[in-house]
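Asker: For reference, the structure I am asking about is given below.
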Amino acid sequence: MPSARFNGYSKLLKYPSRKFWLTLSASEGEKRKMPDAAIISVFADTNVLFSAFYGSANNARVIQAHISDKIRLVISQKVLEELVKNVRNKEPQALNSVEKFLRASPPKIVKTPNLIDPEIKRFVHPKDQTIFQAAVNARVKYFVTGNTKDYSVANLQKKYKIAILTPSAAVQKLNL
């Protein structure tokens, strides 16, 4: 039975799958323990999640760190919607793996904001502004994206005290 937590996204994910790019360490029916307050919260951009299911090793290591409770993965509703849309359009055989991940080890899903801080409008590409604002609102310490070119990293890190990292840099900095 789909969790109410996903607001109906589970039915969007239904699709037969033949490939599994991400090996889950928890069974689908297993309850995930609540993360310890000391666990670092990491906001993942859509491209990190998509690439993990597509086969990118560093992106998969970020997801595996969440599954094994080394980090607490945070995403926004928009990231979840983009993930489902992109997987459905580009790698539909991975939808089953995405659904298993969301059921077994759900990330914290935060609301997509309606208001954007003027500094974010100034330093973030328009298509990514609501995603970065959601990360700021979630008070995470790390924002992981494969598209750092869309962000004025130095200005944003100085203003919001959020480290903006590529998946490779996140794996190194967080010892994933």
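Computed from the coordinates by the stated procedures, all read-outs in this text should not be read as laboratory data. None of the values given here were measured: they were computed from a predicted structure. Quick reminder, even Gly has a Cβ in these numbers, built from the backbone with ideal geometry, and neighbours come from all protein chains shown.
Asker: Please report how far the C-alpha centroid of region 88-118 lies from that of region 39-86, rounded to the nearest whole angstrom.
Answerer: 8 Å
Asker: Now a separate question. List the residues, sorted by chain then number, that are 5 or more residues from residue 40 or on another chain and whose placed amide H is less than 5 Å from its amide H.
Answerer: Long-range HN contacts for residue 40: 72.
Asker: Related question: Sort 54, 142 so that the residue with the fewest other Cβ atoms within 10 Å of its own Cβ comes first and the one with the most comes last.
Answerer: Details: 54 17, 142 21.
Listing 54, 142 from fewest to most nearby Cβ atoms yields 54, 142.
Asker: Another question, if that's okay. With point charges of +1 on the Cβ of Lys and Arg and -1 on the Cβ of Asp and Glu, referenced to the Cα centre of region 37-173, which listed residue (147, 113, 86) lies farthest in the positive direction of the dipole?
Answerer: Of the listed residues, the answer is 113.
Asker: Along region 127-136, what does the Karplus equation 6.51 cos²θ - 1.76 cosθ + 1.60 (θ = phi - 60°) give for ³J(HN,Hα), rounded to whole Hz, x for Gly and Pro?
Answerer: In residue order, the calculated couplings are 5, 10, 4, 5, 5, 5, 4, 4, 5, 4 Hz.
Asker: In debye, nearest 20, what is the charge dipole magnitude of region 91-176 about its Cα centre with +1 on Lys and Arg Cβ and -1 on Asp and Glu Cβ, if you could check?
Answerer: On the way: 14 positive and 6 negative charges, 69 e Å.
Computed about the Cα centre, the dipole is about 340 debye.
Asker: Quick one: Karplus J couplings for region 107-112, per residue in order, coefficients 6.51, -1.76, 1.60, θ = phi - 60°, nearest Hz, x for Gly and Pro?
Answerer: Couplings: x, 6, 10, 9, 5, 6 Hz.
Asker: I need the phi-derived Karplus couplings for region 93-101: 6.51 cos²θ - 1.76 cosθ + 1.60, θ = phi - 60°, integer Hz, Gly and Pro marked x.
Answerer: Couplings: 5, 8, 4, 5, 5, 4, 4, 4, 4 Hz.
Asker: Kirkwood hydrodynamic radius (Cα pairs, Å) of region 37-173? Please report the intermediate quantities before stating the final value.
Answerer: Values: mean 1/r = 0.0672 Å⁻¹.
Hydrodynamic radius (Kirkwood, Cα only) of region 37-173 equals 14.9 Å.
Asker: Now for a separate question. Given H placed 1.01 Å from N in the peptide plane, which residues other than close sequence neighbours of residue 76 have an amide H under 5 Å from its amide H?
Answerer: Answer set, sorted by chain and number: 110.
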